[in-house]
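The values are calculated or read from the model by the stated rules, or taken from the named source; none is laboratory data. Model, not experiment: these values are computed from the prediction. No Cβ is skipped: glycine too gets one built from the backbone with ideal geometry, and neighbour counts run over all protein chains shown. Side chains included, ligands, DNA and RNA excluded: accessible areas come from the protein's heavy atoms. Shrake-Rupley method; radii C 1.70, N 1.55, O 1.52, S 1.80 Å.
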Amino acid sequence: QVQLVESGGGLVQPGGSLRLSCAASGKIFSIYYMGWYRQAPGKQRELVATITSGGITNYADSVKGRFTISRDNAKNTVYLQMNSLKPEDTAVYSCNARVRTMQLPAPYDYWGQGTQVTVSS
């Protein structure tokens, strides 16, 4: 099995910054990509950013220029640096990873438990 553990959420004022981390552990053979999704109250979950093992990134238009995703392959960890935060960024942020384990030949998607980010004055 694979576990994803997130950290770094919290309360921040508009214009502030937060850095989220997500560490994957377990019998991991390889991680194809890692990413962050978010879900605000009453809304569907949406993609925030993803990054491949080779470092190719993809961002939602709403966060381009403000958020930066990065990855430490040696630590199986993905980060999300969030700057210039807005109230509309308030949501539960969840880490996602497509992982191939030691036991299975096919990769599967795994999810973290989520971390709350609240942007408010």
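Quick look at the numbers
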item	result
Residue ID - nearest to Asp109 (Cα to Cα), chosen from residues in segment 41-76 that are among the charged types (D, E, K, R) and over 12 Å from the mean Cα position of the chain (by Cα)	Arg45
Which listed residue is in contact with a strand residue (DSSP E or B) (Cβ under 7 Å, 6 or more places away or on another chain), under 17 Å from Gly114 (Cβ atoms) and open to solvent by 80 Å² or more (accessible area, probe 1.4 Å), from Arg45, Arg38	Arg45
Of residues in segment 18-28 being assigned to a strand (DSSP E or B) and touching a residue at least 60 places away in the same chain (Cβ under 8 Å), the one nearest to Glu88 (Cα to Cα)	Leu18
Condition check for Gly15: in a loop (DSSP other than H, G, I, E, B), in contact (Cβ under 8 Å) with a residue 12 or more places away in the chain and at positive phi	yes
Within segment 1-29, tally of residues that are open to solvent by 60 Å² or more (accessible area, probe 1.4 Å), under 18 Å from the mean Cα position of the chain (by Cα) and closer than 12 Å to Asn76 by Cβ	2
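Let's see how each residue does on (1) in contact (Cβ under 8 Å) with a residue 60 or more places away in the chain; (2) surrounded by fewer than 17 Cβ atoms within 10 Å (Cβ to Cβ):
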| site | (1), (2) |
| --- | --- |
| Gly54 | no, yes |
| Gly65 | no, yes |
| Ile69 | no, no |
| Lys75 | no, yes |
| Gln81 | yes, yes |
| Ser94 | yes, no |
| Arg98 | yes, no |
| Thr101 | yes, no |
| Pro107 | yes, yes |
